[in-house]
Each structure stands twice: as structure tokens, then as C-alpha cells.
Amino acid sequence: MRAVRFSAFACVLLFFALASNASAATVTVDISGFLFRPDTVFINAGDTVTWTNRDSAQHSVVFLTGLGQTENFGLGQSSSLRFIAPGTYKYICGLHGQSMSGTVVVEPADGPIAAASGGAPTFVPPTPTPIPSAGVVVRGADEGPELPAGATNTSVDGGRAAVFGGIGALVVYMVVRGGALIRRR
């Protein structure tokens, strides 16, 4: 009986481990006091950076390496971009120049990068779609996911697999636990 409980517990732990590895992170950069805060962010390939304007003045994000740019966005508005290629990406505010600068450092992913769904990766409204380039996937909110060049499509989405694995582990645990309760009667 202890082995069954241990197995169920191990399945639950595996579910949480898979779920945490399957989803990409989002890092927030606030724009306030005419500064990007923090001015340098470290992310893994597949993660998203969201810039949120906390100033009353309008700002934009312009990448110095030709990745594209956002249009101006005002107080309370945000713009996001998902990075898929490792590297260092320097940017400035298109309205205020070098006095407002930041850096995104993208480390290699631990495993395959899952395709995004539901509009990510994208510069989101109020910005138009920027000019795409190598290393960054830019998609509109109404477009489906697109894999980066050279990536192979596995028909199993990592997040979906983690959810179904967790549900399966929970069902197994409930069946085993229910059987144990029935035997006690």
C-alpha cells in the first residue's frame, strides 16, 4: 500500500515539474521616470518581455540590432515581444534616444521551445506588427503559432502534455485511494 501511495505522490510531483518547465516566463519592464526599470533583463529563449509605460509621456522601444520597433505607447499601455534566439539585444526609446536604454540578454533554453498560441509572441496593441527578423517571432493576436526556423514540429504541445499528465496522475491517485477506502469497509 505504501508503494501505491509513493507512486501516486511521485506522479503528482512529476506533474508539477513538467508544468513548471513547459511554460515560458514573462518578464516585465516598467517605464517610469524616463528609464527602463530594470534596464537589463535576463531571460531564457522562449520567454517574453513586456514593457509597460508608467510615465505620462509617450515612449517606444527601438532595437538597435534591427529587430524592429513599437509605435509610441502612452500611460498604462504595454507592448510585448517573445525572444527565441539567444543573444544580447540592446534597445532605446525611439522618442528619447540613448538617454533611455535597456538590454535583453537571452540565454539558451533548457529544452525545445514550445510554440506559442493565442497571440503570443507579439507586439500587442497599441502597436502595429514590427518588422520581423531572425531570432524573434512576431505574430498578430489573430494569427496562429509559428515555429522558429530550424525547429521541428512535435505534435504534442508541452503545456498540454503537462496538463494531461497531471490529470492522469490525479485520476490514478483517486482510483488507488478510493480502492483503499473500499477495502477498509
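What follows draws every value from the coordinates through simple rules; no lab data is involved. Everything numeric here is computed off the predicted structure, so don't read it as measured data. Cβ placement follows ideal geometry from the backbone for every residue including glycine, while neighbour counts extend to all protein chains displayed.
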**Report entry** region 53-67 residues near the modelled L75 label - backbone nitrogen below 15 Å, point 7 Å along Cα→Cβ
**Finding:** 53-59
Report summary line: Ranked output for segments 25-37, 166-178 by mean other Cβ atoms within 10 Å, highest leading, reads 25-37, 166-178
**Report entry** Distance in nm between pseudo-label sites at V105 and A57 (7 Å out along the Cβ direction from Cα)
**Finding:** 2.8
Requested in this report: Scan around T26 for amide H atoms under 5 Å from its own, H built in the peptide plane at 1.01 Å from N, and keep only partners 5 or more places away or cross-chain.
Outcome: T48
Requested in this report: Obtain the nm distance between the two label points defined at R183 and T40 by a simple spin-label model: each point lies 7 Å from its Cα along the Cα-to-C-beta direction.
Outcome: 5.8
Report summary line: Expressed in nanometres to one decimal, the distance between label points 7 Å along Cα→Cβ at A25 and T88 is 2.0
